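What follows is a short report on a single structure.
The values are calculated or read from the model by the stated rules, or taken from the named source; none is laboratory data. This one's a predicted model, so the numbers in the text were calculated from it and none came from an experiment. Glycine gets a Cβ as well: all are built from the backbone with ideal geometry, and neighbour counts include every protein chain shown. Each accessible area value is taken on the protein alone, full model and side chains, heavy atoms only, with ligands, DNA and RNA left out. Shrake-Rupley method; radii C 1.70, N 1.55, O 1.52, S 1.80 Å.
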Amino acid sequence: MRRNKNTSLDTSVTNFILLGLSHPPNLRTLLFLVFSIIYILTQLGNLLILLTVWADSKLHARPMYILLGALSFLDMWLSSVIVPRLILNFTPASKAIPFAGCVAQLYFFHFLGSTQCFLYTLMAYDRYLAICQPLRYPLLMNGRLCTILVSGTWVAGSIHGSIQATLTFRLPYCGPNQVDYFFCDIPAVLRLACADTTVNELVTFVDIGVVAASCFMLILLSYANIVHAILKIRTADGRRRAFSTCGSHLTVVTVYYVPCIFIYLRAGSKSPLDGAVAVFYTVVTPLLNPLIYTLRNQEVKSALKRITAGRGTVNENK
């Protein structure tokens with residue numbers, strides 16, 4: 001939306017009203033329960049993965065599982081930034097969010113989302129080294145280097161989130177203040193700006209597009225090399241095991257990137273599907289990640305069994 005209005009401080013909005021998801025009034029209680037259960041399961045599932053990686057000595061020293069633990073930690077925070085506010089929309093509580101709260105929500109959403117994007121790329125690179133460079137893998141990717149790289153994704157994500165929040169809220173907002181969305185995100189907030197948003201829309205498209213496209217291309221490149229290496233394996237069982245180590249990551253990447261592309265790379269879109277798609281990758285994907293990695297990863301399942309049976313790290317060292 002493009003506007004050109006003169007505004008002053010006394011007409012600037014001090015809060016925003018999140019209109020939330022459109023829903024029949026008679027489903028309000030049901031939706032409240034559904035999203036509450038999803039949030040609780042998301043936190044418990046990711047916490048379980050995080051504790052399993054930390055508690056099992058066979059996992060927490062391996063780069064693949066350091067990355068998996070970092071992903072679970074991100075999912076817990078990303079879900080907490082979005083879902084509690086969404087749940088409030090199904091209660092009589094006020095839908096208002098302070099201006100500063102809206103800024104914080106937009107910043108943390110893009111900070112955590114872009115960090116997750118970088119982390120998926122690191123996970124693909126880790127699988128590439130493990131399968132295509134198995135003899136050099138311990139040298140090229142060790143626990144210390146992996147921790148440094150994960151820290152780098154957090155720094156890069158923080159910079160990205162700061163850029164997006166600064167660009168969005170440098171514009172004047174003088175009313176209306178109703179955000180037609182269930183959280184403060186760039187496209188929905190920009191529609192309320194009392195200024196020309198052309199530059200913002202262009203920067204958002206280019207910035208998010210470059211970050212997402214670059215990470216996605218690196219992931220595709222990694223997996224192209226992985227597939228090429230797997231096809232050289234002579235035994236069917238060997239190929240099956242190699243593909244199984246990558247299947248979880250490919251599934252997670254797919255359910256993350258497809259919705260993001262739908263939302264952010266269609267400049268000026270006001271599709272009614274945007275809200276449903278956004279719910280999928282902000283609410284459902286953090287729930288699916290621990291399920292995908294637990295159900296498809298034999299080592300995680302084995303570690304869970306060892307811990308449940310009381311044969312975790314502590315007992316093994318006695």
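Looking at (1) within 18 Å of Leu304 (Cα to Cα); (2) touching a residue at least 12 places away in the same chain (Cβ under 8 Å), can you tell me which one His60 breaks?
Tallying (1) within 18 Å of Leu304 (Cα to Cα); (2) touching a residue at least 12 places away in the same chain (Cβ under 8 Å), His60 fails exactly one: (2).
What's the number of the condition Asn46 fails, among (1) crowded, with 17+ Cβ neighbours inside 10 Å; (2) touching a Phe, Trp or Tyr at 6+ places or on another chain (Cβ under 9 Å); (3) more than 20 Å from Thr308 (Cα to Cα)?
Unmet condition: (3).
From the list Leu106, Leu68, which one is within 23 Å of Ile219 (Cβ to Cβ) and assigned to a helix (DSSP H, G or I)?
On the way: Leu106 fails: within 23 Å of Ile219 (Cβ to Cβ).
Answer to the check: Leu68.
With the structure loaded, tell me whether Val314 is part of a helix (DSSP H, G or I), at pLDDT 70 or above and among the hydrophobic types (A, V, I, L, M, F, W, C) or whether it fails that test. Give the steps one after another, and end with the answer.
Working: part of a helix (DSSP H, G or I): yes; at pLDDT 70 or above: no; among the hydrophobic types (A, V, I, L, M, F, W, C): yes.
For Val314, the condition - part of a helix (DSSP H, G or I), at pLDDT 70 or above and among the hydrophobic types (A, V, I, L, M, F, W, C) - is not met.
For Lys58, all conditions in the list (1) within 26 Å of Tyr173 (Cα to Cα); (2) not β-branched (Val, Ile, Thr); (3) not in a helix (DSSP H, G or I) hold save one; what is the number of the exception?
That leaves (1) as the condition not met.
Being surrounded by fewer than 11 Cβ atoms within 10 Å (Cβ to Cβ) and without any contact (Cβ under 8 Å) to a residue 40 or more places away in the chain is the filter here, so list the residues in the range 14-33 that pass it.
Going through the range 14-33, the residues surrounded by fewer than 11 Cβ atoms within 10 Å (Cβ to Cβ) turn out to be 14, 22, 24-26.
Hits for the range 14-33 are Pro24, Pro25, Asn26.
Can you tell which of Ala156, Ala165 is assigned to a helix (DSSP H, G or I), touching a helix residue (DSSP H, G or I) at 6+ places or on another chain (Cβ under 7 Å) and over 17 Å from Leu74 (Cβ atoms)? Working first, answer last.
Values: Ala156 fails: over 17 Å from Leu74 (Cβ atoms).
It is Ala165.
Any residue in the range 184-195 that's free of Cβ contacts under 8 Å to residues at least 12 places away in the same chain: show its pairings with residues that are open to solvent by 10 Å² or more (accessible area, probe 1.4 Å) and outside any helix (DSSP H, G or I) at Cβ separation under 7 Å, as long as the two are six or more apart or on different chains.
Ala188/Asp180; Ala188/Tyr181
Going through the range 205-225 one residue at a time, which ones are of a type in the set (Val, Ile, Thr) and over 18 Å from the mean Cα position of the chain (by Cα)? Full working, then the answer.
Kept after step one, since they are of a type in the set (Val, Ile, Thr), are these residues of the range 205-225: 206, 208, 210-211, 219.
Listed by number, the list holds a single entry, Val206.
Among the candidates Tyr181, Tyr173, single out the residue that is over 29 Å from Phe35 (Cα atoms) and either in a loop (DSSP other than H, G, I, E, B) or open to solvent by less than 40 Å² (accessible area, probe 1.4 Å) (or both). Walk me through how you get there before you give the answer.
On the way: Tyr181 fails: over 29 Å from Phe35 (Cα atoms).
Of the residues listed, the single one that is over 29 Å from Phe35 (Cα atoms) and either in a loop (DSSP other than H, G, I, E, B) or open to solvent by less than 40 Å² (accessible area, probe 1.4 Å) (or both) is Tyr173.
What are the residues in the range 55-76 that are more than 20 Å from the chain's Cα centre (by Cα), open to solvent by 10 Å² or more (accessible area, probe 1.4 Å) and under 23 Å from Leu129 (Cα atoms), if any? Spell out the reasoning first.
The initial filter retains those residues of the range 55-76 that are more than 20 Å from the chain's Cα centre (by Cα), namely 55-62.
Adding the requirement that they be open to solvent by 10 Å² or more (accessible area, probe 1.4 Å) leaves 55, 57-58, 60-62.
Passing the criteria: Ser57, Lys58, His60, Ala61, Arg62.
Can you name every residue in the range 184-205 that is among the β-branched types (Val, Ile, Thr) and open to solvent by less than 10 Å² (accessible area, probe 1.4 Å)?
Keep residues of the range 184-205 that are among the β-branched types (Val, Ile, Thr), which gives 186, 189, 197-199, 203-204.
Answer for the range 184-205, where residues must be among the β-branched types (Val, Ile, Thr) and open to solvent by less than 10 Å² (accessible area, probe 1.4 Å): Ile186, Val189, Thr197.
Mind counting the residues in the range 98-146 that are over 19 Å from the mean Cα position of the chain (by Cα), open to solvent by 40 Å² or more (accessible area, probe 1.4 Å) and farther than 19 Å from Ile230 by Cα?
Within the range 98-146, residues that are over 19 Å from the mean Cα position of the chain (by Cα), open to solvent by 40 Å² or more (accessible area, probe 1.4 Å) and farther than 19 Å from Ile230 by Cα number 9.
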